[in-house]
1. Pairs only if they're at least six apart or on different chains, beta carbon under 6 angstrom, first in segment 20-38 and touching a residue at least 12 places away in the same chain (Cβ under 8 Å), second charged (D, E, K, R) and crowded, with 16+ Cβ neighbours inside 10 Å; list them, first residue then second.
2. With the structure loaded, tell me whether H113 is within 30 Å of Q53 (Cβ to Cβ), without any contact (Cβ under 8 Å) to a residue 12 or more places away in the chain and surrounded by fewer than 16 Cβ atoms within 10 Å (Cβ to Cβ) or whether it fails that test.
3. Tell me, which helices (runs of 4 or more DSSP H) lie completely within segment 30-109 with 1 or more residues that are farther than 15 Å from G16 by Cα and at pLDDT below 95?
4. Would you mention how many residues in segment 1-48 are surrounded by 12 or more Cβ atoms within 10 Å (Cβ to Cβ), within 22 Å of S145 (Cβ to Cβ) and not hydrophobic (A, V, I, L, M, F, W, C)?
5. What is the number of the single condition among (1) modelled with pLDDT of 90 or more; (2) surrounded by fewer than 16 Cβ atoms within 10 Å (Cβ to Cβ) that A149 does not meet?
6. Give the residues of segment 49-71 that are surrounded by fewer than 12 Cβ atoms within 10 Å (Cβ to Cβ) and out of contact with any strand residue (DSSP E or B) (no Cβ under 7 Å at 6 or more places or on another chain), sorted by residue number.
Amino acid sequence: MIPTPGPWAAKCWDWGTVDILSGHTLHVVHTRRNNVGFRRLLAAIARDYALAQHPQRQVILFVDNDKAHQAKVVERLLDKHQHQIRVEFLAPYSPEYNPQEDIWQHLRRRVTHNHYFEQMPALITAVHEFHHDLQADPEQALRLSKKWAKLIAA
């Protein structure tokens, strides 16, 4: 018998970014897959890149067409950042164009595949540890997203 959490188990979503030029990664865990999680990620980006202290700095964020990315409240938040965070939408149904997908695939291989977490806090801790290790080794993130660096260089 293989234990599984079942369809009604607690869930959480890992919102993340990868800078395909430096290998710098950033993530936020949120209990829902909605615009609140995405807004928390945008706030983390603003803090991490010190946008308030550097008004000339701009971050370009490529995202899929999830409705959380397109919410009116997200547009208002982006307007508040004076276009320092620019969101570009990828082609619909094209996860192969999203470098973050490579990070998540690696996370699943390392953390969730063939692992059963009886309690959500244990899973969240494992996800945070994965990201901590990845942030400490940006070369690994660059290796995972090397096809994107080649695309940009071309």
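1. Close Cβ pairs satisfying both conditions: H27/D14; V29/D14.
2. Numbers: within 30 Å of Q53 (Cβ to Cβ): no; without any contact (Cβ under 8 Å) to a residue 12 or more places away in the chain: yes; surrounded by fewer than 16 Cβ atoms within 10 Å (Cβ to Cβ): yes.
The answer is no for H113.
3. In segment 30-109, 72-80 are the helices (runs of 4 or more DSSP H) which contain 1 or more residues that are farther than 15 Å from G16 by Cα and at pLDDT below 95.
4. Qualifying residue count, segment 1-48: 10.
5. (1)
6. First, the residues of segment 49-71 that are surrounded by fewer than 12 Cβ atoms within 10 Å (Cβ to Cβ): 50, 52-56, 60, 67.
Those that are surrounded by fewer than 12 Cβ atoms within 10 Å (Cβ to Cβ) and out of contact with any strand residue (DSSP E or B) (no Cβ under 7 Å at 6 or more places or on another chain): A50, A52, Q53, H54, P55, Q56, K67.
The values are calculated or read from the model by the stated rules, or taken from the named source; none is laboratory data. As the structure is a computational prediction, the values presented were derived from the model and not from experiment. With ideal geometry, Cβ positions are generated from the backbone for all residues, glycine too; neighbour counts draw on all protein chains shown.
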